[in-house]
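A.B. asks: Submitted below is the structure of interest, expressed as C-alpha cells.
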Amino acid sequence: MNRKGNGSIFGWPLSKVEGVAHLVTAFGALLGAVGVILAVVQYFAAQEAERASHTLSLIDIWETRHYRDDFVALRESAMAFMASVPEEEQREARENETARANLWAQMRRHVFSVEDAERRFDRVVSFFSRLGLCIEARLCSRETALLFFDDSVSGFVSFFGPEIEGRQDAMQSYGSGMMLLYGARQ
C-alpha cells in the first residue's frame with residue numbers, strides 16, 4: 001500500500017512537512033558549522049592574545065631590568081667608533097667586502113675594550129635568546145616581538161654576528177635563541 005501523499009500534519013501534506021524538515025535540518029547543520037568555525041577562530045585569537053601578552057611582559061623586562069640600557073651602551077660605543085672613521089675608509093668599506101669586514105672587526109675590538117662591554121653583550125644576547133626561544137615554543141607572539149625588536153635584533157646581529165659565531169665555536173648553543181629570533185624575520 002502506497003502511503004505517499006495520504007497523510008497530513010496540522011493540515012499540511014506529509015511531503016511538504018518532510019521538505020520543511022529537511023530545510024530546517026540543513027539550516028541547523030549550517031548554523032552548527034558556522035558555530036564551529038567561529039569557535040576555532042575565537043580559540044586561535046585567544047591564543048595569539050595570550051602570546052602577545054607574554055611578549056609584552058618580556059618587553060617590560062627589557063626596559064625595567066636594564067637590558068635596553070646595555071643594548072644602547074653597546075650601540076653607542078659602536079656608533080662612536082664608526083663616527084671616528086675617516087670618510088675615505090668608510091667609502092672603501094662600502095665598496096669592498098674585505099675592507100668592510102676589517103672595519104667592523106676594528107669596531108668590535110673598540111666596543112669590547114670599553115669597561116663592562118662583555119657583561120652587557122652577554123646580557124643582550126641572553127635576552128634576545130630568551131625572546132627567540134619563547135617565540136619558537138609558541139609562548140610569545142612573533143608579530144609583536146618583531147614589531148618591537150626587529151631593528152634592534154637586525155642591527156645587533158649585523159654588528160656582532162662574527163663575535164656571536166666565535167662564541168658559538170666554544171659553546172654551541174650560545175645565542176641560538178637569538179639566531180632563531182633573527183631568522184623569524186624572514
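Every read-out reported here was derived from the displayed coordinates using simple, explicitly stated rules and does not represent laboratory data. A quick note: this is a predicted structure, and the numbers were derived from the prediction, not measured. Using ideal geometry, Cβ is built from the backbone for each residue, glycine included, and neighbour counts are taken over all protein chains shown.
A.B. asks: Could you work out how far apart the two model spin labels at F112 and L31 are, taking each label as a point 7 Å from the Cα in the direction of the beta carbon, and quote it in nm?
C.D. replies: 6.9 nm
A.B. asks: What does the net charge come to around Y67 if you take all other residues with beta carbon closer than 12 Å to its beta carbon, with K and R at +1 and D and E at -1?
C.D. replies: +1
A.B. asks: Continuing with the same structure: Express in nm, to one decimal, how much length is gained between R68 and L23 on full extension, taking 0.36 nm for each residue of separation and deducting their alpha carbon distance.
C.D. replies: Here the answer is 10.0 nm.
A.B. asks: Loop-only GluC sites (Glu not before Pro) in segment 114-176, please: DSSP not H, G, I, E or B, and at most 15 other Cβ atoms within 10 Å.
C.D. replies: Counting only loop positions with at most 15 other Cβ atoms within 10 Å, the GluC sites (Glu not before Pro) in segment 114-176 are E115.
A.B. asks: What is the sum of charges around F81, taking Lys and Arg as +1, Asp and Glu as -1, for the other residues whose C-beta is under 12 Å from the C-beta of F81?
C.D. replies: +1
A.B. asks: Compute the signed sum of charges (Lys and Arg +1, Asp and Glu -1) over the other residues within less than 13 Å, Cβ to Cβ, of R123.
C.D. replies: In short, 0.
A.B. asks: Can you give the convex hull volume of the alpha carbon atoms of segment 83-186 per residue, in Å³?
C.D. replies: 120 Å³
A.B. asks: Cα extents of segment 74-138 along the three principal axes, largest first, in whole Å?
C.D. replies: 46, 28, 15
A.B. asks: Can you compute the label reach from M171? Point 7 Å from Cα along the Cβ direction, backbone N cut-off under 15 Å, restricted to segment 101-122.
C.D. replies: Counting backbone N atoms under 15 Å from the label point, the list is 118-122.
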